[in-house]
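**Student:** Take a look at the following structure, please.
None of the figures in this text is laboratory data; all of them are computed from the coordinates on show. As the structure is a prediction and not an experimental result, all values here were calculated from the model. Please note: Cβ atoms are built from the backbone with ideal geometry, for glycine as well, and neighbour counts cover all protein chains shown.
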Amino acid sequence: MSEKIIKSFEEADSDVFGDILYEGRKKKNAKIGLLTCGYFEYWRMYPETLKKNVSADLERLKDNFKKRFDNIVYSDLVDTLDGAEEAGELFVKEGVDALIVVYGTYMPDFITLHVINKLKNIPVLFFSVQNTDKIDVNGDYEHSLRNSGTIGISQITGTMRKMNRKYKVIVGSIDDERAFGKIETFVKANQAIADIKEANIGVIGNVFRGMYDLELSKTFLKSTFDVNIIYIQASHLLDQWETVTDDEVKAVADKLLNRFKKRDITDDDVMRAVKLAIAMEKLSKKFRLDAMCFLDQHFVQKQTRTTARIGASLLMEYSDMTVNCEGDLGGLVTMMLMKSISGTPALMAEWGEYDKDLNTCLVMGHGIGVPALAASDDKVTLTPTPEEWGFEGSGLNYEFILKPGKSTIAHIIETAHGYKMIVSPAESLDFPTLNYSEMHAVLQVKTPIQDYLEKVFESGVTHHCIAGVGDMSKELCMVAEYLGVEIFYIE
């Protein structure tokens, strides 16, 4: 019996390919190592109490971590070089993605470095911790040793700086909510990096002609963000289109029509758009995609007599996929990061007009977003696609405005020297939904809006921007810093 011939996804007629993992990418929860330390030399100075008290302090700290975070790998109290060896081997075995270092007392840097050097090229956070936020006027020298981690942190950070090693520092007490808020940012940032690592991004079509601001190298994308770019012929999407049944389409179309009000669309518009949506879903499953970037203008629209916008929205709503269009891979990676941090898909938009009195900028969607971005389902309308690129019919789109509350504007941009990320916290205002047959948002910033737009455009952004729900600015800045991406931050 001859062995089955394995072919590329481009030509195989089965669902086994030589160039795509059969099981797909296995997503993982980022593991954070917590290294807790004390200095063996101190124990003999107060043999009855010091180690016992320091151990109790660190156990209390661990309890606070356990209340807040999953996937923390805890070391035993490291007080000797042998203990550092054991902790380092534990973290290597568990495959931690980042490390938090806490000193219960002063600690010589060589012991800590023994652990850190086993974990090359992962983010390191030093938590300089003390028992409380106050100086105890009744404290003695033993008490000072229980809070002497500050000395060790100042020493190890000085050493790390001389070694040109990256690190972050948080200062706080064992029960300090401010400190744990910053640690949460650290954990979310590292999870976002893990979530995009080795992600398969399917690209259907190309960058829209003339949009040089969006052109990116897949080699540099792989190098910086560790994502896999897979170019997929439009014919593969059209092949899936042919397999979609009327019953499949009707089931999804009925749900849409029962859920949302509609304007200026026919049943045929809905059916054709849903058929393309199902074809996109089938394609994403066949090629084990984690994200998709499509160009439907002209060719796909002409072949299907509809647009892929509802397809993108439904994929994001009912799967873990992230989707955008026009070849905007920088925007797509930004959306993937924002989805990881906030838990909600972001809105792909374009810069629009400003309002001086409200100090806002209107950003216009490009048909890519989910109804959860609106205040409620009754604020969403099914409408025609506002742009027509030579196809018969009206297409299908969502019309709504981003719900009020904290939000974030971001985008990853290619510069002459590498990548840059614009990060801008904003406030989405309660504003009337505009009759645009499109998703949109009115975003208020702190900088005077004309100055804001001048600075944004002078920084060299793309004409696309990504708007997400919630303030993700700290997490995105931390992600950019860890990945070596320049940050352009503006409020």
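**Student:** Cα gyration tensor of the range 197-489, axes a ≥ b ≥ c as square roots of the eigenvalues: rounded (a/c below 1.5), prolate (a/b > b/c) or oblate?
**Tutor:** Oblate.
**Student:** Among I111, Q130, G405, flag the residue with its Cα farthest along the positive direction of the charge dipole of the chain, charges on Cβ as +1 for Lys/Arg and -1 for Asp/Glu.
**Tutor:** So the residue we want is I111.
**Student:** Show which lysines lie in cross-link reach of K4 when reach means a straight Cα distance below 26 angstrom and same-chain residues fewer than eight apart are skipped.
**Tutor:** Cα-Cα hits under 26 Å: K26, K282, K285, K286.
**Student:** Would you mind classifying the range 389-446 by shape? Square roots of the alpha carbon gyration tensor eigenvalues, ordered a ≥ b ≥ c; an a/c under 1.5 is rounded, otherwise it is prolate if a/b is larger than b/c and oblate if not.
**Tutor:** Cα axes put the range 389-446 in the oblate bin.
**Student:** Return the tail of the calculated pair distribution for the range 164-232, meaning the percent of Cα-Cα pairs more than 13 Å apart.
**Tutor:** When every Cα pair of the range 164-232 is considered, 75 percent fall beyond 13 Å.
**Student:** Let me ask something additional. Can you tell me the order of 88-95, 357-364 when each peptide is scored by its average per-residue count of other Cβ atoms within 10 angstrom, highest first?
**Tutor:** 357-364, 88-95
**Student:** Which one, V323, N164, Y452, projects farthest toward the positive side of the charge dipole computed for the chain from Cβ point charges (K/R +1, D/E -1)?
**Tutor:** N164
**Student:** Given the C-alpha centroids of the range 125-197 and the range 45-70, what is the distance between them in whole angstrom?
**Tutor:** The range 125-197 and the range 45-70 have Cα centres separated by 15 Å.
**Student:** Follow-up. Run the simple label-point estimate for D357 and K52 please: 7 Å along Cα→C-beta, distance reported in nm.
**Tutor:** 7.1
**Student:** Packing-wise, with mean Cβ within 10 Å as the measure, how do 345-353, 368-376 rank, highest first?
**Tutor:** Highest mean packing first, the order is 345-353, 368-376.
**Student:** For the chain, give me the percentage of DSSP beta bridges that are antiparallel, rounded to the nearest 5 percent.
**Tutor:** In the chain, DSSP labels about 45 percent of beta bridges as antiparallel.
**Student:** For the range 107-121, what does the Karplus curve 6.51 cos²θ - 1.76 cosθ + 1.60, with θ = phi - 60°, yield as ³J(HN,Hα) per residue in whole Hz, taken in order and with x for Gly and Pro?
**Tutor:** Karplus values, whole Hz, x for Gly and Pro: 9, x, 5, 5, 5, 5, 4, 4, 6, 4, 5, 7, 10, 5, 6.
**Student:** With the Cα gyration tensor of the range 32-195 in hand, give its eigenvalues times 5 under a square root as the equivalent ellipsoid semi-axes, listed largest first in whole angstrom.
**Tutor:** Equivalent ellipsoid semi-axes, largest first: 24, 18, 15 Å.
**Student:** Using the number of other C-beta atoms within 10 angstrom as an exposure proxy, rank T462, T245 with the fewest first.
**Tutor:** The fewest-first ordering by Cβ neighbours comes to T245, T462.
**Student:** What's the whole-number percent of alpha carbon pairs in the chain lying beyond 30 angstrom?
**Tutor:** Of the Cα pairs, 54 percent sit more than 30 Å apart.
**Student:** For all pairs of alpha-carbon atoms in the range 247-346, what percent lies in each bin of width 10 Å, listed from the first bin to the last filled one?
**Tutor:** Per 10 Å bin, starting at zero, the Cα-Cα P(r) for the range 247-346 comes out as 15, 45, 33, 7 percent.
**Student:** Between helix 449-458 and the chain, what is the angle of the helix's C-alpha long axis to the longest principal axis, kept within 0 to 90° and rounded to the nearest 10?
**Tutor:** 90
**Student:** Helix 50-68: angle to the longest alpha-carbon principal axis of the chain, degrees 0 to 90, nearest 10?
**Tutor:** Taking the Cα atoms of the chain, the angle to 50-68 is about 10 degrees.
**Student:** Continuing with the same structure: From the cross-link list K28/K67; K166/K474; K120/K222; K66/K134, which pairs have alpha carbons spaced over 23 Å apart?
**Tutor:** K66/K134
**Student:** What distance in nm separates the simple spin-label points at T433 and A416, each placed 7 Å from Cα in the Cβ direction?
**Tutor:** Reported label-point gap for T433 and A416 is 4.6 nm.
**Student:** Still on this structure, I have one more. How many angstrom lie between the C-alpha centres of the range 293-354 and the range 78-121?
**Tutor:** 42
**Student:** As a test, work out the antiparallel percent of DSSP beta bridges whose residues both lie in the range 197-489, rounded to the nearest 5.
**Tutor:** Bridges in the range 197-489 that DSSP calls antiparallel: roughly 60 percent.
**Student:** Quick check for me: using +1 on Lys/Arg Cβ and -1 on Asp/Glu Cβ, what's the dipole size of the range 197-489 about its Cα centre, in debye to the nearest 20?
**Tutor:** Taking the Cα centre of the range 197-489 as origin, the dipole is about 520 debye.
**Student:** Order the peptides 29-35, 177-183 from the highest to the lowest mean number of other Cβ atoms within 10 Å of their residues.
**Tutor:** 29-35, 177-183
**Student:** Which of the GluC sites (Glu not before Pro) found in the range 25-85 are loop residues per DSSP with 15 or fewer other Cβ atoms within 10 Å of their Cβ?
**Tutor:** Those satisfying the criteria are E48.
**Student:** Here's something else I'd like to know. Using a 10 Å cut-off around each Cβ, can you sort T344, T49, T306 from fewest to most neighbouring Cβ atoms?
**Tutor:** T49, T344, T306
**Student:** Oh, and also: Per the helix-only calculation at 222 nm, which mean residue ellipticity applies to the chain, given -39500 (n - 2.57) for every DSSP H run of n ≥ 4 and division by its residues, nearest 500 deg cm²/dmol?
**Tutor:** Theoretical 222 nm ellipticity from helices: -11500 deg cm²/dmol.
**Student:** Under 13 Å from the Cα of K455, which aspartates and glutamates turn up, not counting those fewer than eight places away in the same chain?
**Tutor:** E491
**Student:** For the range 291-449, please report how many Lys pairs fall under 25 Å Cα to Cα, leaving out neighbours fewer than 8 apart on the same chain.
**Tutor:** Lysine pairs meeting the criterion: 14.
**Student:** Follow-up question, since we're still on this one. Let me know the charge dipole size of the range 32-195 about its Cα centre in debye, to the nearest 20, where only the beta-carbon of Lys, Arg (+1) and Asp, Glu (-1) is charged.
**Tutor:** Charge dipole, the range 32-195, about its Cα centre: 620 debye, nearest 20.
**Student:** Next up: Could you line up H411, H463, H236 from fewest to most neighbouring Cβ atoms inside 10 Å?
**Tutor:** If I rank by nearby Cβ atoms, fewest first, I get H463, H236, H411.
**Student:** Where a ≥ b ≥ c are the square roots of the eigenvalues of the C-alpha gyration tensor, would you call the range 337-487 rounded, which needs a/c under 1.5, or, failing that, prolate if a/b is larger than b/c, or oblate?
**Tutor:** In terms of gyration-tensor shape, prolate.
**Student:** Follow-up question, since we're still on this one. Of F40, N147, F180, whose Cα points farthest to the positive end of the dipole of the range 32-195 (charges on the beta-carbon: +1 Lys, Arg; -1 Asp, Glu; origin at the Cα centre)?
**Tutor:** F180
**Student:** Magnitude of the Cβ-charge dipole of the chain, K/R +1 and D/E -1, about the Cα centre, nearest 20 debye?
**Tutor:** For the chain, the charge dipole is close to 860 debye.
**Student:** Note down, for the range 277-323, the three equivalent ellipsoid semi-axes (square root of 5 times each alpha carbon gyration tensor eigenvalue), biggest first, whole angstrom.
**Tutor:** 18, 11, 9
**Student:** Report, in degrees rounded to the nearest 10, the 0 to 90 angle that the Cα long axis of helix 234-243 makes with the longest principal axis of the chain.
**Tutor:** Tilt relative to the chain: about 70 degrees.
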